[in-house]
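The values are calculated or read from the model by the stated rules, or taken from the named source; none is laboratory data. Just so you know, these numbers come straight off a predicted model, no measurement behind them. When we count neighbours, we look across all protein chains shown, and the Cβ atoms used for this are built from the backbone with ideal geometry, even at glycine.
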Amino acid sequence: SRESARAEARGSAPNKGECSDVPPTVADTMDKFVLAHVGRFDRWRTPDVWFAGLQRFVERLGFDRQRFELRIVGHIDVQTRAKIEAARVNYTCAGHVPHEQAIVEMMSADALLLNVPDGPNADSVIPAKLFEYLAAGRPVLVIGPRNGQAEQIVQSCDTGVTANFHPELIAAALGRLFSAWHLKRPLVGCERSCLIPYDRIRLTGKLAAILDRAINNAGSRIETARAPVEAGMR
């Protein structure tokens, strides 16, 4: 249950971006589908197209809109709160919480929302929060650029749905998550094995190998350039 997930999560607060310390759990189906966003939820990080898609989704729910809740864990500004209310969405705000409680919130949700910023080079952006979401074992909804890195990671882990910056695509993605939950066949979270390539130690090792190659290549070029000069000085 969500309460057991909360109890299990206590005392398991990983460092930002670290995956290995979050115990996997499965949320039981309850009478309300909770989509949680953990982190700052403001006009700089939340595009208007998201609210358009969200409103379209809840309008299609009809009476079932009472069974959907948007849970905001973190700072939310006045303008963003007004947009949520204009969309006539049931929502709750926890405000800023300690990181340990944020992990509990992630593990207690039915799905987790990740908005990837739009703009130049947005397809290469991988928010650190994504890896905490994956480690929490909940399906993830990524709103971001087509074929972006965040989208590819979620698809490769087969753990949720993705949508590009279009209201209909966002509404459809929300509908898929809600329908699967409503039919008692919720989408699954990330398998632990999928997190292995993103482990901080492995990534550090890969970075070290890249730096070693760069240093070795630079050294080879210096030696190659030095040889003719030294030969001419003899």
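Residue by residue through region 58-74, note down the ones that are at negative phi and under 20 Å from the mean Cα position of the chain (by Cα).
Phe68, Glu69, Leu70, Arg71, Ile72, Val73 - these are the residues of region 58-74 that are at negative phi and under 20 Å from the mean Cα position of the chain (by Cα).
Going through region 147-177 one residue at a time, which ones are touching an Asp or Glu at 6+ places or on another chain (Cβ under 8 Å) and outside any loop (DSSP other than H, G, I, E, B)?
Scanning region 147-177 gives Gln149, Cys157, Thr162, Leu177.
Give me the residue from region 18-39 that is modelled with pLDDT of 90 or more and under 16 Å from the mean Cα position of the chain (by Cα) and, out of that set, surrounded by the fewest Cβ atoms within 10 Å (Cβ to Cβ).
By that ranking, first place goes to Gly39.
Out of all the residues in region 50-83, which are in contact with a helix residue (DSSP H, G or I) (Cβ under 6 Å, 6 or more places away or on another chain) and β-branched (Val, Ile, Thr)?
Once the filter is applied, which keeps residues that are in contact with a helix residue (DSSP H, G or I) (Cβ under 6 Å, 6 or more places away or on another chain) and β-branched (Val, Ile, Thr), region 50-83 yields Val58, Val73.
Give just the number: which of (1) modelled with pLDDT under 90; (2) in contact with an Asp or Glu (Cβ under 7 Å, 6 or more places away or on another chain) does Ser124 not satisfy?
If we test Ser124 against (1) modelled with pLDDT under 90; (2) in contact with an Asp or Glu (Cβ under 7 Å, 6 or more places away or on another chain), just (2) comes out false.
State yes or no: is Ala209 modelled with pLDDT under 70, in a helix (DSSP H, G or I) and surrounded by 10 or more Cβ atoms within 10 Å (Cβ to Cβ)? Show your work before the answer.
Values: modelled with pLDDT under 70: yes; in a helix (DSSP H, G or I): yes; surrounded by 10 or more Cβ atoms within 10 Å (Cβ to Cβ): yes.
Yes; evaluated as a whole, the condition is true for this residue.
Only one of these conditions is not met by Asp110: (1) over 27 Å from Gln149 (Cβ atoms); (2) among the acidic types (Asp, Glu); (3) modelled with pLDDT of 95 or more. Which number is it?
Of the numbered conditions (1) over 27 Å from Gln149 (Cβ atoms); (2) among the acidic types (Asp, Glu); (3) modelled with pLDDT of 95 or more, the odd one out for Asp110 is (1).
Output the residue which, of all residues in region 99-129 that are in contact (Cβ under 8 Å) with a residue 40 or more places away in the chain, in contact with a Pro (Cβ under 9 Å, 6 or more places away or on another chain) and in a helix (DSSP H, G or I), is nearest to Ala163 (Cα to Cα).
Met107
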